[in-house]
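K.L.:
The structure's right below; bear with me while I get my questions together.
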Ligand SMILES: Cc1cc2nc3c(=O)[nH]c(=O)nc-3n(C[C@H](O)[C@H](O)[C@H](O)COP(=O)(O)OP(=O)(O)OC[C@H]3O[C@@H](n4cnc5c(N)ncnc54)[C@H](O)[C@@H]3O)c2cc1C
């Protein structure tokens, strides 16, 4: 389809070398420069991380959805930090595969962005399926003991508690993926959320 529609597909890593020029580090080696009138940045997103040192992602024991989709074995237990769409999708899949899943969500119901009645019913259905859901609870610290389990300290309505699981899935949101684009060379900058501010013109 790309060929038919006369779209060139250059395989490589693109970055700005100026406002109207892109340099591509080609997958097969070498570089290629492209001059452009307009550029669309559509580099997607990446899993949000916790503050550095709190519980670092290694995609083996402390995982994101990327690691969750690549596990070689079904873990015995998993703590899902973040009861949003991705955490609950992965949590419910592993629950059905036999993993003991505990979801930690800082608000009083999972998926707080949904219509309240739908969110409440969704939570009931998930609990009926066997997921343990700790609401009004947040992660305060964690220790990755690798094959000996990942330990997390949670703060909730009944005070602090420590839980250990084979895997901890961090699903606390997504951030814009703009790494390595050399945006400053195009005269662009990111805001505090890592997003490129746009308006009707640029
Ligand atoms: C676990 C998970 C489950 C999801 N489930 C659903 C679902 O069921 N339904 C749904 O609608 N959405 C779902 N989504 C969301 C959906 O994947 C995204 O909304 C969608 O992929 C966004 O499209 P995009 O083109 O903006 O970015 P992407 O699909 O992420 O594409 C960006 C591409 O740019 C490439 N790239 C990045 N930087 C560079 C660079 N410098 N040079 C060259 N290439 C680069 C990346 O390799 C990637 O191929 C899910 C997301 C996740 C993480």
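The values are calculated or read from the model by the stated rules, or taken from the named source; none is laboratory data. The shown structure was predicted, so the numbers you read here are calculated from the model rather than taken from an experiment. Cβ: placed from backbone, ideal geometry, glycine included. Neighbour counts: every protein chain shown.
K.L.:
Residue by residue through region 169-202, note down the ones that are within 23 Å of residue 24 (Cβ to Cβ) and more than 16 Å from the ligand (Cβ to nearest atom).
P.N.:
Passing the criteria: 187, 189, 202.
K.L.:
I would also like to ask the following. Looking only at region 149-168, decide whether some residue is at pLDDT below 95, away from the ligand (no atom under 16 Å from the Cβ) and farther than 23 Å from residue 48 by Cα.
P.N.:
Yes, there is a match, as at least one residue in region 149-168 is at pLDDT below 95, away from the ligand (no atom under 16 Å from the Cβ) and farther than 23 Å from residue 48 by Cα.
K.L.:
I'd like the residue in region 63-76 that is within 16 Å of the ligand (Cβ to nearest atom) and surrounded by 15 or more Cβ atoms within 10 Å (Cβ to Cβ) and, out of all such residues, is farthest from residue 179 (Cα to Cα). Break it down into steps so the answer makes sense when it comes.
P.N.:
If we filter region 63-76 for residues that are within 16 Å of the ligand (Cβ to nearest atom), which is where we start, we get 63-71.
So of that shortlist, the ones also surrounded by 15 or more Cβ atoms within 10 Å (Cβ to Cβ) come out as 63-65, 67-68, 71.
Numbers: 63: 20, 64: 18, 65: 19, 67: 20, 68: 23, 71: 26 Å.
Going through the qualifying residues, I end up with 71.
K.L.:
Something else: Identify, please: which residue in region 169-183 is more than 15 Å from the chain's Cα centre (by Cα) and modelled with pLDDT of 95 or more and is, among those, nearest to residue 196 (Cα to Cα)?
P.N.:
So the residue we want is 183.
K.L.:
Take the residues in region 86-95 that are within 15 Å of the ligand (Cβ to nearest atom) and more than 13 Å from residue 47 (Cβ to Cβ), then tell me which one is surrounded by the most Cβ atoms within 10 Å (Cβ to Cβ).
P.N.:
91
K.L.:
For region 115-123, state whether one or more residues are within 16 Å of the ligand (Cβ to nearest atom), more than 21 Å from residue 61 (Cα to Cα), surrounded by fewer than 19 Cβ atoms within 10 Å (Cβ to Cβ) and touching a residue at least 40 places away in the same chain (Cβ under 8 Å).
P.N.:
no
K.L.:
Where residues in region 101-112 are touching a residue at least 12 places away in the same chain (Cβ under 8 Å) and assigned to a loop (DSSP other than H, G, I, E, B), which of them is farthest from the chain's Cα centre (by Cα)?
P.N.:
Going through the qualifying residues, I end up with 108.
K.L.:
On to the next question. Going through region 30-52 one residue at a time, which ones are over 27 Å from the mean Cα position of the chain (by Cα) and within 16 Å of the ligand (Cβ to nearest atom)?
P.N.:
Here is the first cut: in region 30-52, the ones over 27 Å from the mean Cα position of the chain (by Cα) are 30-38.
Once the filter is applied, which keeps residues that are over 27 Å from the mean Cα position of the chain (by Cα) and within 16 Å of the ligand (Cβ to nearest atom), region 30-52 yields 30, 31, 32, 33, 34, 36.
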